[in-house]
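Let me begin by presenting the structure, written as structure tokens, before commenting on it.
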Amino acid sequence: MTSCSGTVAYQAGQQACGAQESRCQRGSCLAQRRFCDGTDDCGDSSDESAAQCKNFTHCSFDYDLCGWETVAGPPVWGRNTSLNLGTSYSIPARDHSNNSRAGFFLHVSSDPTAQTGGTAQLSSPTFQATNSCSLVLYCHLHGSATSNLRISYVTNSTKHLMRERTGDLGSCWVRERVDFNVMDPFKVLIEGVAGRGGTVAIDDLILSQGCVKEQEKPLVTLPSQAGAGPCAAAAVACDSGECIAAELACDFADTCADGSDEKRCGTTTFESGAGGWHDVSVGRLRWGLQKVTESDTFLTGTFLALQTGEGQMVGPAKARSPLLGPSGPACTMEMSYHIHSDPQGFLAISVTDHTTGTTQLVWQTQRRGSTTGGRVRVPLGERSRPFQVELLALVDLQGSASVSVDNVTFEQCYLNTVSPTAAGMARELSCNFERGMCGWYQDLSSDFKWVHSTGQGQGSDHTTGSGYFLSVDSSVPWSHGQRAQLLTSQQEPAAAPRCLSFWYRLAGPQIGTLSLKLRPEGGEEMVLWTRRGTQGSIWHRAWATLPSTGQRRYQVAFEVLHDGFLGDVGLDDITQTAGPCGAKLSCSFEAEDCGLAASGKGTWQRQSNGTGTTAGPVADHTTGTAAGHYMVVNTGRVSLPAGHMAALTSQPYQSSMSAQCLAFWYQLSAGTPGFLRVFVEQSRVRRKVLSMSTMEGSNWHRSHVTVQPEGDWQVVFEAVGAGGDHGYIALDDLHVSVGACPKPASCDFEQDTCGWSSPSDPRLHSFAWGWKSGITLAKYPGPEQDHTLGTRNGHYMHFDTSVLGARGTGALLESPPLPAASDSCLRFWYHMDIPEHLSSGELRVTLRGAAGQRTVWSVAGHRSRGWQGAVVPLQSPSEFQISFEITTRRWPMEGTVALDDIMYSTRAGCHSSPESPVQEKPSGSFVAEVVLSVLLALVIVALVTAGGWCWLKQRRVASRTPTESSTSQGFDNITFRDDKVIISPREGDES
């Protein structure tokens, strides 16, 4: 069994021993109080030899109780072994005396039927009055935060507490020592209380030679337990005698009429005791109460201070509060502190949640040979489960080092408390974060935090471009499924709906999900808005209607759920206005139907495949899972007879100065699904923009239409029955953007990704591409300029290859499904920045369809030569998707790949179009481009003067474009095969 006290072996060799030291047999010096204490401190056992310890009384409980007596219970101290008690979590695995499962010790375990306050007592024989009697014992408290061990002495029925241990000290034996200076005959009393699920055990009771039995046997009676434990199990007693449920004690609200349930809950000046704090240290340091000396002018009266402990382990001292809470979002701990360390040391505060078994560091200060102190305010935040606060400190007390804590308070911690700063925000949630957090609070029980910052690798704010915003802490290692929450205080009931608008940023391929939630008091949590995956490194505006909550108070929460990769999450400029929000420019149907109104014979409904009642797609388009939501209508003849119509009408969209692009994804079932017709309505005039009744395959298909608005307009989706037995029509991911729609599968990535997406099915073991600008965010590298604009603000698709091999082996970027094509052309620009010695990666273009897939172009990874152009002819006899795929045979592979300005055309292939990319665009700043242009002009002049032959030779080298050209001759160096493209260097090209 592990001993938390540890063992120190001293080097042999003669040295001058101090006044309070004696010499080990090897010659080293050891403090006299460490001799005969049950631990080999000399390293040769000479400090524990029989000759050395012949006058000490040692009880290992291996044979009997050695004259100690158990007081009739229940509960009662039981003598047993680990072998007999089994392998329960809280039972010692071995005894301390023999380090054996067959060795004996005394223990008391929790009894669910016993009354609260039941104490097991063990008393010693009566000892003579003395000033040189000491007791060393080894205790084991494990499995419960409320277990307790007390060591006292008793004279004339009066109990004097000397040492107390409370809480869970871990699965190990802890050394404890008590020195008695008593003027009357006395008995030593050891009391144990096992908390629920816990065990208290003791072993190796060692009495020093100054503990002499009293021969005259004077009457020393133990105090009665008759009044102990007046309350039933899971209850505690108030000072007045009434009983309350145990979970109501230390919940920051007075439940006892006299308020005694909150008196010993950590708020204290330490003048009348520890105020509920208890030491759980196991090493050379411990926390204890100490009175101020004349030389110490920083603290006054009595305070909690770092002292020398009985163990030998070098580690921080730890003191715990009682179980506190739950707490409200404004909960804060304040305390005065003083720390002087030489050469180094620290003082810290952490929070332990025993339900989850987690400990979170919430504040710390470190010092090297200096003195500091003052008043500190530490936010604890909202915590839904009881928790304990821990004080941790570590300094070297051999010199003049010290650590002290005083005047501890817990402010505004009651669950329903609204702080003064939040009181004015009870109805007003608006905040631009320029002057703080307004009425918003961190949920400090989250896995990671929101940070109030001005950037530092997180981009700029939205309000001014140089101000404050909230971002997710990117310094913390992320993993899949971690959460961070931002909360309001409890808001007063809302009689009418309101609109909450905000600006957000989601940048990073596997960045995760950002959601806005409403939590009515006593009701089910509602998701009001959600976005998943990369949305680019730009600010987007979003709206969500906060519904009426009737008589219920409520909280609003922003939640980030990580998907396990790097990037940036930002939040800024939250604004609340009266009335519901208007038509949403983007709707994924994950949270709501976005105000689309159903009418007609059939019924459109929002559902997921996992919860829906209507037959529909097996997965939505947004998340690609059965849990994702979409709108669907049953077109079977029972629900929607032939010729009957079911309409779905949006709220009015506001017109913009230029054209607008309406894009959406749809799916028609096999068989006879009926007709899907799409209308744009302006000034009560409808114009049909789309009609279809069949669809190849069972994929989601994307469609878009350019709207030339002359005023506000609406979109109407009509499903018309065709008399089939079964069928459905489904919609997902509506999006309205400024500007005319691009051609299918064509995109410059400035507004959005134009339907290009990465599969989210984890079974594919693939990662997602990101959508970002040239502005570098924390841990998220890429080209400094896009190809379209040639600036840092321009956008492109991007992938960081360093993650390959960790959770996946490839990265796919797929176009929407495209119709069969006999002579199409794909043009694009790519940027690859992969060191040559790690260039096992490859960028491929593949065609994926019902017949399978084939590679039609590929290039091996290389160090960046800037933006490179490529032209690829495409043919497919059936519906297909274009995929850009990054693969590697070696990992990790450091580097980046980017794509921009993808153009897909179906007119006469690649030979007649003048839009083919023909030249390389290097990375760099505008100044670098100007300098390069000047140098190029000088080179041309020099070449002209050098003669025609030389000029022709240089021209051939300078204009080389191994993979691209604007004419058919541009492919003279490419050999096509069915499965891939082989790029053969021409004469004069670099290998």
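The values are calculated or read from the model by the stated rules, or taken from the named source; none is laboratory data. Please read all numbers here as calculations on a predicted model, not as lab measurements. Don't worry about glycine lacking a Cβ; one is built from the backbone with ideal geometry, like all the others, and counts go over all protein chains shown. Just the protein is used for accessible areas: all its heavy atoms, side chains included, with ligands, DNA and RNA removed. Shrake-Rupley method; radii C 1.70, N 1.55, O 1.52, S 1.80 Å.
The table for this structure:
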item	result
Gain upon complete extension [residue 409, residue 26; 0.36 nm per residue less C-alpha separation]	132.8 nm
Computed Rg/Rh of region 541-611, alpha carbon atoms with Kirkwood Rh	1.00
Extended-chain gain in nm, criterion 0.36 nm per residue less alpha-carbon gap, residue 681 and residue 247	150.2 nm
Computed FRET value (nearest 0.05) for residue 658 with residue 603, which takes r as the C-beta separation and R₀ as 45 Å	0.80
Highest-first arrangement of 607-617, 170-180, 318-328, where packing means the average Cβ count within 10 Å	318-328, 170-180, 607-617
Cβ crowding within 10 Å averaged over residues, with 533-540, 61-68, 646-653 ranked highest first	533-540, 646-653, 61-68
Residue 793/residue 698 FRET efficiency (R0 51 Å; Cβ-Cβ; nearest 0.05)	0.80
Spin-label pair residue 385/residue 626, simplified geometry with 7 Å Cα→Cβ offset, distance in nm	2.9
Distance-filtered residues of region 375-411 - backbone nitrogen under 14 Å, label point 7 angstrom along residue 239 Cα→Cβ	none
Per-residue SASA entry for residue 22, accessible area with 1.4 Å probe, Å² rounded to 10	40
Distance between modelled label sites at residue 257 and residue 375, nm, 7 Å Cα→Cβ extension	3.6
Accessible-area order (highest first, 1.4 angstrom probe) of the listed residues 333, 313, 695, 183	183, 313, 695, 333
Additional length obtainable on full extension of the chain from residue 83 to residue 291, 0.36 nm per residue less Cα span	70.3 nm
Computed FRET value (nearest 0.05) for residue 45 with residue 400, which takes r as the C-beta separation and R₀ as 25 Å	0.10
Spin-label pair residue 58/residue 670, simplified geometry with 7 Å Cα→Cβ offset, distance in nm	8.2
Kirkwood-type radius of region 37-97, with distances r between different C-alpha atoms, in Å	14.4
